[in-house]
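Notes to accompany the following structure.
Derivation of every value follows stated rules applied to the coordinates shown; laboratory data play no part. This one's a predicted model, so the numbers in the text were calculated from it and none came from an experiment. FYI the Cβ positions are ideal-geometry reconstructions off the backbone, even for glycines, and counts take in every protein chain you see.
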Protein chains: 2
Amino acid sequence: MKLASLKHGRDGRLVIVSRDLTRATDAFPVVSTLQGALDQWSQVAPRLGDLAEQLEHGSVPSFRFHEHDCASPLPRAYQWADGSAYVNHVALVRQARGAEMPSSFWTDPLMYQGGSDTFIPPRDPIVLPDEAHGIDFEGEVAVVTDDVPMGVDPVAALDHIRLVMIVNDVSLRNLIAPELAKSFGFFQSKPSTAFSPVAVTPDELGDAWRGGKLHLPLHAYLNGEPFGRPEAGVDMTFDFGTLIAHAAKTRALSAGTIIGSGTVSNRDPDGGPGRPIAEGGLGYACIAEMRTVETLRGGAPRTPFMRFGDAVRLEMKDERGHSIFGAIDQIVRKHHA
Amino acid sequence: MKLASLKHGRDGRLVIVSRDLTRATDAFPVVSTLQGALDQWSQVAPRLGDLAEQLEHGSVPSFRFHEHDCASPLPRAYQWADGSAYVNHVALVRQARGAEMPSSFWTDPLMYQGGSDTFIPPRDPIVLPDEAHGIDFEGEVAVVTDDVPMGVDPVAALDHIRLVMIVNDVSLRNLIAPELAKSFGFFQSKPSTAFSPVAVTPDELGDAWRGGKLHLPLHAYLNGEPFGRPEAGVDMTFDFGTLIAHAAKTRALSAGTIIGSGTVSNRDPDGGPGRPIAEGGLGYACIAEMRTVETLRGGAPRTPFMRFGDAVRLEMKDERGHSIFGAIDQIVRKHHA
């Protein structure tokens, strides 16, 4: 089943989307918002599933689906907790700034609490006050859970995953170092996040969803040029079950909790940092990694962070080349008070 | 106007509470939940205010108000961002563990993104897995905002404050140091938070609400004994307008955002750390400060963190000794999976 929230009020208007993302039908006869569906998932999911089947067969009224009509599937959420499961990403970025990485990072997940009150629609501009903040995108995979009890174990946690999405975890790189130095975590350095137009149930992913990971490449484009296609199923040190269990160690998680993977990042087959697309590598799902590799090789970064007017696109396709979640496609714009 | 959410479903049942906290009337004719009210505050607040006046005059049907029937005013919220505005608290705790505090902490607010999906009702137990985590309470003041634009200035930010509450920001002290060392901020060390039974509009606070601060003592009791009564209006380095502006620097804040003050903490009149209640001081709004003072004086803490069965009470009273927000009154219990 594929779900989307068309822009409407604060919480969107829930629709069921056809597998090929061309048509949609209103979920309203069952439930009007995605948060409402997650609040009572076991009751409504079978009925939404019936509608999805009828949509595929053309036996319910439907309308043309346009990704640019979408809000993030949860336009606002009660929790957005983002892991950093591709430890390679963390190791690389630290290496570039000469900071040591504790070995515990390979066994104890990193996770930060993100702001969840104002997500950006996936085709809307990213509006920010200052290019000097070092505007970057981060391509990630995320899952949405139902109610998760405190102390859940990583295996049982997998059964609480209801939906899968992709993410642009917009980051302000030049605010990160001073903010982390204060030791209270990210705040101003993580402005509003965007999620893919469509959220899908894990069964839609077939064999690509296994072991709590999504085994497909995440395609990132910067100003229309391929920038990365790292494999989300590779080098993911912590699977989503482990990330959920980490989040639920000392408190329960409420239905509609979003758990992110962190920036998808692969090592090179030779064990070193991945190579850029231009050199036949898999590239990167954020600019910071490109800059890190440039720094490690040449002593300084060459690729600038995003300027106003720059565009980023994130998308994931199935084995037949069809978009699964629709595309996040955003231009950075200056905020005017 | 005083508002509360009686326990009911996921978002509670909004009621208007009399000034003396003895009676309540349903807000249902206007709006059914507090989040719903905040989503359209300018439309509904006047009508809720009318009901509040009628409640005071006995001209609407009402029922007895019991604080133990309450959920947190927002049982779940889209954002809980907690500042650390009483820099004295930070300085003290760091001093005890021999850690330096950057001087920027006096000019640039500390703030962390808290989990907002599962708040604890103010009279429900605090259920946690392990005493060894170092269970502590933190008495704070918090405000609830309406929609705040990105880049708001500290003065304009004050006009976005719709409600004021008190908070028990439950903390797991022994998880904080290792978690902050990972530099991604608090997560497991900050389990679910509890808010006072009643949230009040700033005008209810009269002259005690001025300059973006609440000028009243916050009373904390541990197992029935007075533990602290620090003045919330004193030693608050950053007022709520400054905290809101900090949160909104790179993104807009959505209606229902909760901004916390951090643990209320006063210096001694002689400039040193505050003295315990037993010595005629104002005491502390968390156990960690007591332990810090004990460490500074005697080389080691003597007061233990909370054990299962221990109770904490937080309350604030007006000049005539009447409870403003009702009391947070909670027992710590062991979580059984």
Checklist outcome for this item: Nearest-0.05 FRET efficiency for residue A:7 and residue B:18 at R0 = 35 Å, using Cβ-Cβ distance, is 0.30
Checklist entry - Going 7 Å from the Cα of residue A:311 in the Cα-to-Cβ direction, what parts of segment A:67-84 have a backbone nitrogen less than 15 Å from that spot? => result A:67-68
Checklist outcome for this item: For segment B:122-164, the Cα gyration tensor yields equivalent-ellipsoid semi-axes (√(5λ), largest first, whole Å) of 34, 12, 9
Checklist outcome for this item: Answer check: the protein assembly as shown, Cα atoms, Kirkwood Rh, Rg/Rh ratio of 0.97
Checklist outcome for this item: Mean Cβ-within-10 Å packing, highest first, puts peptides A:184-190, B:84-90 in the order B:84-90, A:184-190
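Figure the gain on full extension for residue B:203 and residue B:28 (residue separation times 0.36 nm, minus the Cα-Cα span) and round it to one decimal in nm. Please list the in-between numbers first.
Details: separation 175, 0.36 × 175 = 63.00 nm, distance 2.29 nm.
That works out to 60.7 nm of additional length.
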Checklist entry - So what is the relative contact order for chain B, in percent, with contacts set as C-alpha pairs under 8 Å and at least six apart? => result 23
Checklist entry - When only C-alpha pairs under 8 Å and at least 6 residues apart count, what is the relative contact order of segment B:2-65, in percent? => result 33
Checklist entry - Along the Cα-to-C-beta direction of residue B:336, a point sits 7 Å from the Cα; which residues of segment B:298-321 have their amide N less than 16 Å from that point? => result B:308-309
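For segment B:165-294, calculate the relative contact order in percent as a whole number, restricting contacts to Cα pairs under 8 Å that are 6 or more residues apart.
19
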Checklist outcome for this item: Here the correct list, in nm and shortest first, of distances from residue B:211 to the same site in the other copies, label points 7 Å along Cα→Cβ, is 6.0
Checklist entry - What ³J(HN,Hα) values, in whole Hz, does the Karplus curve 6.51 cos²θ - 1.76 cosθ + 1.60 give for segment B:38-53 when θ = phi - 60°, with x put for Gly and Pro? => result 5, 5, 9, 4, 5, 6, 8, 4, x, 6, 5, x, 4, 4, 4, 5
Checklist outcome for this item: 1/(1 + (r/R0)^6) with r = Cβ-Cβ of residue B:234 and residue A:294, R0 = 41 Å, i.e. FRET efficiency to nearest 0.05, evaluates to 0.20
Checklist outcome for this item: In the protein assembly as shown the DSSP beta bridges are antiparallel at a rate, in percent to nearest 5, of 90
Checklist entry - Extension gain residue B:100-residue B:275, at 0.36 nm per residue separation less the Cα-Cα distance, in nm? => result 60.8 nm
Item to check | Nearest-first distances (nm) between copies at residue B:95, label 7 Å from Cα via Cβ | outcome: 4.4
Item to check | Three-way shape call for segment A:112-233 based on the alpha-carbon gyration tensor, with the a/c threshold at 1.5 | outcome: oblate
Next on the checklist: Longer than 20 Å from Cα to Cα, which of B:190/B:317; B:190/B:334; A:7/A:317; A:190/B:182 are they? Say none if no pair is.
Outcome noted: B:190/B:317; A:7/A:317
Checklist entry - Non-local amide H neighbours of residue A:126 (under 5 Å, H modeled in plane, Pro and chain starts lacking H): which ones? => result A:331, A:332, A:333
Item to check | 10 Å Cβ neighbours from other chains, averaged over peptide B:115-127 | outcome: 4
Checklist outcome for this item: Note: A:249-259 gets an average of partner chain Cβ contacts (10 Å, Cβ to Cβ) equal to 6
Next on the checklist: How far, in whole Å, is the closest Cβ of chain A from the axis that maps A onto B, and which residue does it belong to?
Outcome noted: A:185, 1
Checklist outcome for this item: Given 10 °C, 1.306 mPa s and a Kirkwood radius over Cα pairs, the Stokes-Einstein diffusion coefficient of segment B:2-65 in µm²/s is 138
Item to check | Average beta carbon contacts from partner chains per residue of A:147-153, 10 Å cutoff | outcome: 3
Checklist entry - What order do you get for B:289-302, B:128-141, B:306-319, B:219-232 when each peptide is scored by the mean count of other beta carbon atoms within 10 Å, highest first? => result B:128-141, B:219-232, B:306-319, B:289-302
Checklist entry - Separation between the residue A:57 and residue B:215 pseudo-spin-labels, each 7 Å from Cα along Cα→Cβ, expressed in nm? => result 7.2
Checklist entry - Applying the Karplus parametrisation 6.51 cos²θ - 1.76 cosθ + 1.60 with θ = phi - 60° to the phi angles of segment A:276-292, what ³J(HN,Hα) value in whole Hz is obtained for each residue in order, glycine and proline being reported as x? => result x, 3, 4, 9, x, x, 8, x, 9, 9, 7, 6, 4, 5, 4, 5, 5
Item to check | Listed peptides A:30-39, B:269-278 by packing density, highest first (mean Cβ within 10 Å) | outcome: A:30-39, B:269-278
Checklist outcome for this item: Label points for residue A:54 built 7 Å along Cα→Cβ; distances to same position in the other copies, nm, shortest first, come to 4.1
Next on the checklist: Can you work out the Karplus-derived ³J(HN,Hα) for every residue in segment B:189-196? Use 6.51 cos²θ - 1.76 cosθ + 1.60 with θ = phi - 60°, whole Hz, and x for glycine or proline.
Outcome noted: 6, 10, x, 4, 9, 10, 10, 4
Checklist entry - So how long is each side of chain A along the principal axes, counting just the alpha-carbon atoms, biggest first, in Å? => result 61, 44, 43
Item to check | Distance-filtered residues of segment B:117-150 - backbone nitrogen under 17 Å, label point 7 angstrom along residue B:303 Cα→Cβ | outcome: B:134-140
